[in-house]
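The values are calculated or read from the model by the stated rules, or taken from the named source; none is laboratory data. Note that the coordinates shown come from a computational prediction; the quantities given were computed from them, not determined experimentally. Quick reminder, even Gly has a Cβ in these numbers, built from the backbone with ideal geometry, and neighbours come from all protein chains shown.
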């Protein structure tokens, strides 16, 4: 029997676990807001409902009967009327995330949440519209297909599900996926197999572009989605050595050694001058303290107020090194693997995704937002604000280098195994951070001390 997401949302776990999307429950004041919330108590416990339904005349077509109503809240019958405007995502502007989460919790009964999560789980597994009979057979709901069909119809009315065709089952909407993802407060640990795959691929690599490329490749291979990442901003990485030497007439070579051990060589336009004195000054500035190019340049500007000569010359060459930093570009790995998924049998859908991938400026802006949000960030469907595609999810998280940060994650269709992908993205980012900062990574993914 497939595993259904735990929908009880008990308070102790809520207080301890981060909410998907970078929101932390203690910050939202939800430690006690959910505990004991009446809608969370199963209808059968409150009303003695044995899950049976009564069918009578006048049933709505396709709903297979009318359930007996137990109590004023309608726990055993039709769901309460939706809040005006339908269920929002936790990213909706104008309402605090805490209120939005509580609104969803209070709007859905235990039974309806359980059926919603089972529907999303089944759709993720099969990619096909989900019917009541399949849910009744596969998920141990202890409800008849007619009862399940009634709840599915209610969930459709409330905006959590939709029916592609009149005779078809139902599929989750963006709002349905959002409720499912936000309920993953008890995220599964990275599986032993996935953990080993990441560590085996990255453990022996040093800091540098190859590390990020391999991290993207292993993420794509394990998720079946396209991996995306932005490298750290080179001018912000901490340096332990900065050395200039003449290359040829009118050119200099700048050698930068980061605190993580990566070596960068940059060819600059300029005259040699008294490089020996410049290098001695820079060595003094970096002695016992790592600094970024930007920090070195700022310190030299400050010292110029007190002395000239070699300081001004050093400032000039360091400024050239800062200006030589290439713009941060987003890198995509595994597009071909993504297009092998059954969702992409439609050639038009492939073209829309390709067009989205070509708009790297917009995608880079999405990844940049991850840096300020912190944590694993999940954007579903329209939340990503990518005009060319609607069936898309973007899961990203920041990683840290020596004084700088970048983003890494995956892009794929909304039918994604979020319980697997979300923690996997977070774990991969941690391993990348450890490697870029020069920390040894043990068999369990922790720094060796």
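For beta carbons closer than 7 Å, sequence separation of 6+ or different chains, a first residue in the stretch 131-142 that is on the phi > 0 side of the Ramachandran plot and a second that is surrounded by fewer than 19 Cβ atoms within 10 Å (Cβ to Cβ) and part of a loop (DSSP other than H, G, I, E, B), the qualifying pairs are 140/1; 142/51. One residue stands out in the stretch 402-444 among those that are under 15 Å from residue 368 (Cα atoms) and in contact with a helix residue (DSSP H, G or I) (Cβ under 6 Å, 6 or more places away or on another chain): the one that is surrounded by the fewest Cβ atoms within 10 Å (Cβ to Cβ), namely 405.
Quick one: is residue 227 at pLDDT 90 or above and either in a strand (DSSP E or B) or over 16 Å from residue 428 (Cα atoms) (or both)? Yes. Hey, does the stretch 360-381 have a residue that's at positive phi and part of a helix (DSSP H, G or I)? Yes - at least one qualifying residue is present in the stretch 360-381.
Within the stretch 134-156, can one find any residue that is assigned to a loop (DSSP other than H, G, I, E, B), touching a helix residue (DSSP H, G or I) at 6+ places or on another chain (Cβ under 6 Å) and under 29 Å from residue 429 (Cα atoms)? So far as the stretch 134-156 goes, no, none of its residues is assigned to a loop (DSSP other than H, G, I, E, B), touching a helix residue (DSSP H, G or I) at 6+ places or on another chain (Cβ under 6 Å) and under 29 Å from residue 429 (Cα atoms).
Condition check ((1) farther than 29 Å from residue 361 by Cα; (2) touching a residue at least 24 places away in the same chain (Cβ under 8 Å); (3) over 39 Å from the mean Cα position of the chain (by Cα)) across all residues:
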residue: 225; (1), (2), (3): no, yes, no
residue: 234; (1), (2), (3): no, yes, no
residue: 260; (1), (2), (3): no, yes, no
residue: 265; (1), (2), (3): no, no, no
residue: 270; (1), (2), (3): yes, yes, yes
residue: 274; (1), (2), (3): yes, yes, yes
residue: 279; (1), (2), (3): yes, yes, yes
residue: 303; (1), (2), (3): yes, no, yes
residue: 319; (1), (2), (3): no, no, no
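For the criterion of being closer than 30 Å to residue 295 by Cα, without any contact (Cβ under 8 Å) to a residue 60 or more places away in the chain, in a helix (DSSP H, G or I) and in the same structural domain as residue 368 (by TED's automatic domain parsing), residue 214 fails. Whether any residue in the stretch 357-369 is at pLDDT 85 or above, more than 26 Å from residue 214 (Cβ to Cβ) and exposed (fewer than 14 other Cβ atoms within 10 Å of the Cβ) is what I want to check. Checked the stretch 357-369: no residue is at pLDDT 85 or above, more than 26 Å from residue 214 (Cβ to Cβ) and exposed (fewer than 14 other Cβ atoms within 10 Å of the Cβ).
Results for (1) surrounded by 22 or more Cβ atoms within 10 Å (Cβ to Cβ); (2) in contact with a helix residue (DSSP H, G or I) (Cβ under 7 Å, 6 or more places away or on another chain); (3) at pLDDT 95 or above, shown as yes or no for each residue.
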| position | (1), (2), (3) |
| --- | --- |
| 161 | yes, yes, yes |
| 168 | no, no, no |
| 179 | yes, yes, no |
| 187 | no, yes, no |
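Is it fair to say residue 193 is without any contact (Cβ under 8 Å) to a residue 24 or more places away in the chain, in contact with a strand residue (DSSP E or B) (Cβ under 9 Å, 6 or more places away or on another chain), under 30 Å from residue 401 (Cβ atoms) and surrounded by fewer than 23 Cβ atoms within 10 Å (Cβ to Cβ)? No: the conditions fail for residue 193.
Out of all the residues in the stretch 359-366, is one or more within 26 Å of residue 437 (Cβ to Cβ) and within 12 Å of the chain's Cα centre (by Cα)? Yes, there is a match, as at least one residue in the stretch 359-366 is within 26 Å of residue 437 (Cβ to Cβ) and within 12 Å of the chain's Cα centre (by Cα).
Condition check ((1) in contact with a strand residue (DSSP E or B) (Cβ under 8 Å, 6 or more places away or on another chain); (2) in a helix (DSSP H, G or I); (3) at pLDDT below 80) across all residues:
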| position | (1), (2), (3) |
| --- | --- |
| 297 | no, yes, no |
| 308 | no, no, yes |
| 318 | yes, yes, no |
| 328 | yes, no, yes |
| 336 | no, yes, no |
| 343 | no, yes, no |
| 351 | no, yes, no |
